[in-house]
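Structure, as structure tokens:
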Amino acid sequence: MINKLEELRAKALSELDSIKDPKSLEAWRISYLGRKSELTQMLRGLASLPVEERRAAGAAANQLKSFLEQSLSQREEAIKEAEIARAIEKGKLDVTLPGYPTTLGRLHPTIQILRQMCDIFVAMGFEVVEGPEVEWDYYNFEALNIPQDHPARDMWATMWMDYRNEKGERNMLLRTHTSPMQIRVMENRQPPVRVIVPGKVYRYEATDATHEAMFYQVEGFAVDKNITMADLKGTLFEFARRLFGKERKARFRCDYFPFVEPGVDMAIDCFVCKGAGCSLCSNSGWIEILGAGMIHPEVLRRVNYDPDIYTGFAFGMGVERMSMLKYGIDDIRLFYSNDLRFLKQF
Ligand SMILES: [Zn+2]
């Protein structure tokens, strides 16, 4: 068997020396190192040899195998180098050309603005908390002062989960706003609390330039003794100045949300026309950016905060809307249509 291995080695090497292309090299590999090659068969046949022969034959066969493998990879390298040399000679390969630049990923514009928004509130002493996107009716509506059959439920086109409780009611949904986390946080903590909740929310809505079925919100709230509307105003005006420029003016107007009393919508003076009127602000000079208000006493009572001792404010805003305003984007669908021409601008 040792002799046979020697013959095999000589034959394999002389064939290998004449190989000049990768295809023949692969054929050589199959015939000398493949599953059906003579060497592999020999290695398999070792078990049938007498014990005294087996040892020496096994060692020699394995040594030949690794020798052939090594020769193969050396030959492979040599063929590659020869190919490159030929290409350079023919002028087909210009090694002085710059390489392909590595393309770097970047943060999605929504995430970029979301981080800016969070940074602003964190600097004002708010803590960032996240919550579940699949929510119970109780947290999304009931505890926020929106009982079953309350007409205010129509304000949030809801995507319900295909699930019913033991009473046969659908009570699990994709959260329509980040407000459920107000309740979840307050249930587990005592005032003072100052929290913002960034995250995805879902609406059962046909999409158009200003509506998406999924978008981001940032919810914020603070509860303590002696918190007043002035604190709400101060916090949100400062936020608007830091995000949209320090010369921004802001305006509160009455609005209705079931979980606040009183409720307001906040607008900033248009930073394009400075209040003179343009297409961005629909010629009004003002741009609405968020809804807010003082947390309704019923909501506080529900989480066992005494509304005679504690008061608080809450606000919520769409993240894409902030981004659209800040960068002059006119269609919310651009954010999630995965068009690199759009995404690469940020
Ligand atoms: Zn304007």
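The values are calculated or read from the model by the stated rules, or taken from the named source; none is laboratory data. Values in this document were obtained by computation on a predicted structure and should not be read as measured data. Cβ coordinates were reconstructed from backbone atoms using ideal geometry, including for glycine residues, and neighbour counts include every protein chain displayed.
General observations
- Residue count for the range 121-154 under the criterion of being surrounded by fewer than 19 Cβ atoms within 10 Å (Cβ to Cβ) and assigned to a helix (DSSP H, G or I): the result is 8.
- Considering only residues in the range 155-191 that are assigned to a loop (DSSP other than H, G, I, E, B) and β-branched (Val, Ile, Thr), the one that is farthest from the chain's Cα centre (by Cα) turns out to be Thr158.
- Test: residue in the range 324-343 that is surrounded by 19 or more Cβ atoms within 10 Å (Cβ to Cβ) and of a type in the set (Gly, Ala, Ser): no
- So Ala206, is it under 29 Å from the mean Cα position of the chain (by Cα), within 16 Å of the ligand (Cβ to nearest atom), assigned by TED's automatic domain parsing to the domain that holds Ile329 and not in a strand (DSSP E or B): no
- A count restricted to the range 209-240 and to residues that are of a type outside the set (A, V, I, L, M) and under 29 Å from the mean Cα position of the chain (by Cα) stands at 12.
- The residue that is farthest from the ligand (Cβ to nearest atom), among those in the range 229-283 that are at pLDDT 90 or above, part of a strand (DSSP E or B) and of a type in the set (Val, Ile, Thr), is Val260.
- Residues of the range 40-95 that are out of contact with any helix residue (DSSP H, G or I) (no Cβ under 8 Å at 6 or more places or on another chain), touching a residue at least 12 places away in the same chain (Cβ under 8 Å) and among the small types (Gly, Ala, Ser): Ala82 alone.
- Met117, sole failed condition from (1) in a loop (DSSP other than H, G, I, E, B); (2) in contact with a helix residue (DSSP H, G or I) (Cβ under 9 Å, 6 or more places away or on another chain): (1)
- When the range 285-310 is filtered for residues that are in a strand (DSSP E or B), more than 16 Å from the ligand (Cβ to nearest atom) and touching a helix residue (DSSP H, G or I) at 6+ places or on another chain (Cβ under 8 Å), the ones remaining, listed by number, are Leu290, Ala292, Gly293, Met294, Ile295, Tyr310.
- Total residues in the range 187-204, condition touching a strand residue (DSSP E or B) at 6+ places or on another chain (Cβ under 7 Å) and surrounded by fewer than 16 Cβ atoms within 10 Å (Cβ to Cβ): 3
- Pairs with Cβ under 6 Å, 6+ apart, first in the range 269-291 and of a type in the set (Val, Ile, Thr), second near the ligand (Cβ under 7 Å from one of its atoms): Val272/Cys278; Val272/Leu280; Ile287/Cys270; Ile287/Cys281
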